[in-house]
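The values are calculated or read from the model by the stated rules, or taken from the named source; none is laboratory data. Values in this document were obtained by computation on a predicted structure and should not be read as measured data. All Cβ positions, even for glycine, are placed from backbone atoms using ideal geometry, and neighbour counts span all protein chains on display.
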């Protein structure tokens, strides 16, 4: 199913339950991100439709909610785990088999537990979605993180992204076809940057983030960071600390990106490996920083920066944002929303 057929099939399922769906001009067929009006028992609400061919819990957690009408996510089937995430986030949804959640003043429709008939196969995304695979996400990350990312020679883009030249070419071609890259007198440029950031965040959460953890550690000294030297160790700081986030309990974790586990740092501070409850998380750095070692800082607004803490360098702001989203924690998502609104690079992307 493509987005249009998913939407049409979902509309039919809704209308079969007595729920009326109308798009602009009175048509009942709707397209992805088109505004519709849903009517239940004489009460109506306008929605922006987000059509998806596959939705899991990770995607449900990462789906961006843009300004404007509330979001209605439609898909062939929305399983229990994804549905619970949508409910927790206050996002309404419907699928082709009759699962639906609609909630506004005076209206509550909540149908759950319906399954596709046994033996039904859900097609995977077509080649048009190749840009949002794991390796594609690495390329898009460079395009989003660097102001000059889109104008880099293809071979350099591939090197920094950590992918083959052929993969970089495929991703650039797919993004161009999809309207996310455009060519002009000055070379390639990112267009629809805000949408690309949201799509990349989903791809990162689903296909890349889970492949990055190297180890987590418990640290006996809660003030160990004050004496750490991450710059010398070649480490980049991300996660809570880069975002200036402290959870309501008053604690925060530290996420370091590195080529490998920093054994000298671990030994110096007597860290103990604890992949379940450790507060220091080491993840594989999947891109190549600039030759001079510099990495763009997210900066801006009242979002805290630790750039003066022991000379630490931050990962690029799109990764700080995506890691907050990937946590699935509502407090971190709120911090991610604040970062996206106030960070110069992310705001620049949203403005394209």
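Restrict the check to the range 288-306 and report whether at least one residue is at negative phi, under 17 Å from the mean Cα position of the chain (by Cα), at pLDDT 90 or above and in a loop (DSSP other than H, G, I, E, B). No, the range 288-306 has no match at all. Of the residues 231, 256, 265, which is more than 29 Å from residue 333 (Cβ to Cβ), modelled with pLDDT of 75 or more and either assigned by TED's automatic domain parsing to the domain that holds residue 138 or out of contact with any helix residue (DSSP H, G or I) (no Cβ under 7 Å at 6 or more places or on another chain) (or both)? So the residue among 231, 256, 265 that is more than 29 Å from residue 333 (Cβ to Cβ), modelled with pLDDT of 75 or more and either assigned by TED's automatic domain parsing to the domain that holds residue 138 or out of contact with any helix residue (DSSP H, G or I) (no Cβ under 7 Å at 6 or more places or on another chain) (or both) is 265.
Picking from 81, 103, 62, 94, which residue would you name as being surrounded by fewer than 23 Cβ atoms within 10 Å (Cβ to Cβ) and touching a helix residue (DSSP H, G or I) at 6+ places or on another chain (Cβ under 7 Å)?
Values: 103 fails: touching a helix residue (DSSP H, G or I) at 6+ places or on another chain (Cβ under 7 Å); 62 fails: surrounded by fewer than 23 Cβ atoms within 10 Å (Cβ to Cβ); 94 fails: surrounded by fewer than 23 Cβ atoms within 10 Å (Cβ to Cβ).
So the residue among 81, 103, 62, 94 that is surrounded by fewer than 23 Cβ atoms within 10 Å (Cβ to Cβ) and touching a helix residue (DSSP H, G or I) at 6+ places or on another chain (Cβ under 7 Å) is 81.
Looking only at the range 68-78, count how many residues are surrounded by fewer than 23 Cβ atoms within 10 Å (Cβ to Cβ) and within 18 Å of the chain's Cα centre (by Cα). Steps first, answer last, please.
Restricting attention to the range 68-78, the residues satisfying the condition of being surrounded by fewer than 23 Cβ atoms within 10 Å (Cβ to Cβ) are 68-71, 76-77.
Going one step further and asking which of them are within 18 Å of the chain's Cα centre (by Cα), we end up with 71.
Residues in the range 68-78 being surrounded by fewer than 23 Cβ atoms within 10 Å (Cβ to Cβ) and within 18 Å of the chain's Cα centre (by Cα): 1 in total.
Residue check: residue 243 meets all listed conditions (1) in contact with a strand residue (DSSP E or B) (Cβ under 7 Å, 6 or more places away or on another chain); (2) assigned by TED's automatic domain parsing to the domain that holds residue 269 but one, namely (1).
Residue 181 falls short on exactly one of the conditions (1) surrounded by 16 or more Cβ atoms within 10 Å (Cβ to Cβ); (2) at pLDDT below 90, and that condition is (2).
When only residues in the range 142-178 that are more than 23 Å from residue 315 (Cα to Cα) and in contact (Cβ under 8 Å) with a residue 40 or more places away in the chain count, which is surrounded by the fewest Cβ atoms within 10 Å (Cβ to Cβ)? Top of the filtered list is 177.
Looking for whichever is under 14 Å from residue 219 (Cα atoms) and not in a loop (DSSP other than H, G, I, E, B) here; the options are 237, 266. Which one fits? Show your work before the answer.
On the way: 237 fails: under 14 Å from residue 219 (Cα atoms).
Going through 237, 266 in turn, the sole match is 266.
Of all residues in the range 214-221, none are in a helix (DSSP H, G or I) and surrounded by 14 or more Cβ atoms within 10 Å (Cβ to Cβ).
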